[in-house]
Amino acid sequence: MEKNNFYDFQYDELKSFLALDLNLDKKKSSMRANQIWKFIYKNGVSQIDNFKNLPKEFKENIKKKITFNRDTIQEKKKSLDGTIKWLLKLKDGNLVETVYIPFGKTGTLCVSSQVGCTLNCKFCHTGTQMMVRNLETSEIIQQILIAKDELEDWKIEKKIRNIVYMGMGEPFYNFENVKKSILILKNKEGLDYGPKRITVSTAGVSPEIYLAANEIKTCLALSLHAPTDDIREKIMPINKKYNIADLIKSCSEYAKVNKEKIFLEYVLLKNINDSEACAKNLIKLMGKFPCKLNLIEFNAWPGVNYEPSNKETIDKFFNLIKQSGNIVTLRKSKGGDILGACGQLKTESEKIRESLKNN
Ligand code: SAH
């Protein structure tokens with residue numbers, strides 16, 4: 001029988017598991033669940049043998065039913081600007097990437113939700129990789145634990161202050177596992193990330209935006225990248241399924257329920273979406289629901305057909321939005337020298353799959 005993976009458990013599930021599968025009474029199962037949860041998620045102890053104050057017999061029993069083993073680091077790259085990218089090897093050999101982006105002493109961790117991606121946004125490197133599979137809850141959680149270990153981030157004052165689901169994959173195409181991972185992240189007995197410290201970024205899967213408003217409840221980022229359907233369709237095929245009108249409706253609802261502005265992400269692509277007319281249309285669109293804009297410099301990758309907008313165009317675009325009274329920021333790219341920046345993540349998983357097929 002395959003063992004349960006610890007990092008798939010919700011707090012309450014662990015309690016019931018200890019009661020039912022390890023035959024602990026109600027009080028004991030609560031107490032043990034709390035102890036283990038704290039060891040793993042608060043103190044960063046990853047080996048069950050190092051759990052102090054737990055009876056040996058209990059440790060032996062739990063080891064028979066639950067594995068605490070972690071995915072491994074296949075490769076680690078550090079950028080000149082301090083960005084760190086870990087390539088993690090999952091138990092089936094697939095590879096995913098996790099990126100830490102420092103801002104001074106603290107920073108943001110960018111986690112992946114799928115191996116590869118099915119969306120095919122034309123400017124995104126991950127899109128050129130054949131989709132392999134959804135990540136399990138435990139595989140998402142482990143990205144955070146591994147990064148915390150690597151950064152020695154187990155003090156009360158967190159180094160990883162924010163977690164963004166902006167790595168490889170579309171989080172809302174892996175809704176259940178993403179949701180479960182967020183519930184674990186938010187749990188106060190453990191990692192204790194507040195809803196405002198977590199951002200899920202979607203290319204715009206409208207039905208799941210409605211669901212997430214009530215079931216996920218974090219900050220939401222929408223990868224908009226164009227103010228009109230005709231442009232958006234050309235660079236993001238998903239727009240044919242859920243268009244801008246759909247997104248305005250679902251994001252309005254999300255903002256209403258969660259009382260937070262939606263972050264609109266907008267990669268500036270030369271001569272594609274960076275004209276004055278685009279800026280004006282974007283201003284109109286921004287008037288329709290509570291949102292703020294994050295302009296992103298395009299990060300090139302080998303073989304891409306787009307170019308970044310030039311500096312004057314970016315400044316002009318930025319100023320037009322700013323003058324309209326909207327909140328706008330410009331995200332300078334980080335980690336570009338290690339292909340760790342937005343849209344540059346891509347792993348060799350497809351090749352591994354190919355070679356497995358051939359064996
Ligand atoms: N599928 C989700 C999560 C991926 S997030 C989503 O689309 O939101 C990755 C972010 O980086 C998205 O906003 C994406 O559009 C953006 N991005 C993709 N390729 C990029 C590139 N080459 N340069 C800059 N940003 C890019």
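The values are calculated or read from the model by the stated rules, or taken from the named source; none is laboratory data. Because the structure is predicted, anything quoted here is derived from the model rather than measured. Don't worry about glycine lacking a Cβ; one is built from the backbone with ideal geometry, like all the others, and counts go over all protein chains shown. These area figures cover heavy atoms from the full protein model, side chains too; ligands, DNA and RNA do not enter into them. Shrake-Rupley method; radii C 1.70, N 1.55, O 1.52, S 1.80 Å.
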Computed over the chain, the relative contact order (Cα-Cα under 8 Å, seq sep at least six) in percent reads 16 percent
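Considering only protein heavy atoms, with the full assembly of protein chains and a 1.4 angstrom probe, order TYR210, TYR306 by accessible area, largest first. Walk me through the intermediate numbers first.
On the way: TYR210 90, TYR306 45 Å².
I get TYR210, TYR306, largest accessible area first.
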Relative to the chain, whose Cα atoms define the longest principal axis, helix 349-358 and its Cα axis are tilted in degrees, nearest 10, by 70 degrees
With a 1.4 angstrom probe the carbon and sulfur portion of accessible area for the stretch 4-67, in percent, totals 48 percent
Per-residue ellipticity at 222 nm attributable to helices in the chain (runs of n ≥ 4 DSSP H, -39500 (n - 2.57) apiece, nearest 500 deg cm²/dmol) works out to -11000 deg cm²/dmol
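Are there any GluC sites (Glu not before Pro) in the stretch 1-104 that are in a DSSP loop and have at most 10 other Cβ atoms within 10 Å? List them by number.
GLU2
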Net charge near CYS219 (other residues with Cβ under 9 Å of its Cβ; Lys, Arg +1; Asp, Glu -1) is +2
If amide H atoms are modeled at 1.01 Å from N in the peptide plane, then the residues at a separation of 5 or more from GLN74, or on another chain, having amide H under 5 Å from its own are LEU87, LEU88, LYS89
The pairs in LYS249/LYS270; LYS15/LYS217; LYS217/LYS270; LYS148/LYS188; LYS91/LYS122; LYS105/LYS311 lying past 26 Å Cα-Cα in this model are LYS249/LYS270; LYS217/LYS270; LYS91/LYS122; LYS105/LYS311
Over all Cα pairs of the chain, the Kirkwood radius sets Rh, and Rg/Rh then becomes 1.00
Here the net charge surrounding LYS52, from other residues whose Cβ is less than 15 Å away from its Cβ (Lys, Arg +1; Asp, Glu -1), is +4
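With 18 Å as the limit, write out which pairs from LYS28/LYS52; LYS179/LYS288; LYS65/LYS186 have Cα-Cα distances beyond it, or answer none.
Details: LYS28/LYS52 16 Å; LYS179/LYS288 27 Å; LYS65/LYS186 25 Å.
Exceeds cut-off: LYS179/LYS288; LYS65/LYS186.
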Shape call for the stretch 4-67, from the Cα gyration tensor axes a ≥ b ≥ c (a/c under 1.5 means rounded, otherwise prolate when a/b beats b/c, else oblate), comes out rounded
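Take peptides 278-288, 154-164, 139-149 and line them up by average Cβ neighbours within 10 Å, highest first, as a rough protection proxy.
Highest mean packing first, the order is 139-149, 278-288, 154-164.
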In order over the stretch 187-195: 3J(HN,Hα) from phi, Karplus 6.51/-1.76/1.60, θ = phi - 60°, whole Hz, x for each Gly or Pro, gives 4, 5, 6, x, 5, 6, 8, x, x
Longest principal axis of the chain (C-alpha) makes with the long axis of helix 311-323 (C-alpha) an angle, in degrees to the nearest 10, of 80 degrees
Computed over the chain, protein heavy atoms only, probe 1.4 angstrom, the accessible area per residue in square angstrom equals 47 Å²
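What does the charge add up to near PHE317, with Lys and Arg as +1, Asp and Glu as -1, over the other residues with Cβ less than 13 Å from its Cβ? It would help to have the intermediate numbers written out before the result.
Details: positive: LYS270, LYS280, LYS311, LYS316, LYS322; negative: ASP274, GLU276, GLU297, GLU312, ASP315.
Residues close to PHE317 contribute a combined charge of 0.
Carbon and sulfur together cover what percent of the accessible area of the stretch 72-358 at a 1.4 Å probe radius?
It is 52 percent, rounded to a whole number.
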With Cα coordinates, the longest principal axis of the chain makes an angle with the long axis of helix 56-65, in degrees rounded to 10, of 50 degrees
Residues meeting the amide H criterion for LEU264 (H placed from the backbone, H to H distance under 5 Å, 5 or more places apart or on another chain) are LEU222, LYS292, LEU293, ASN294
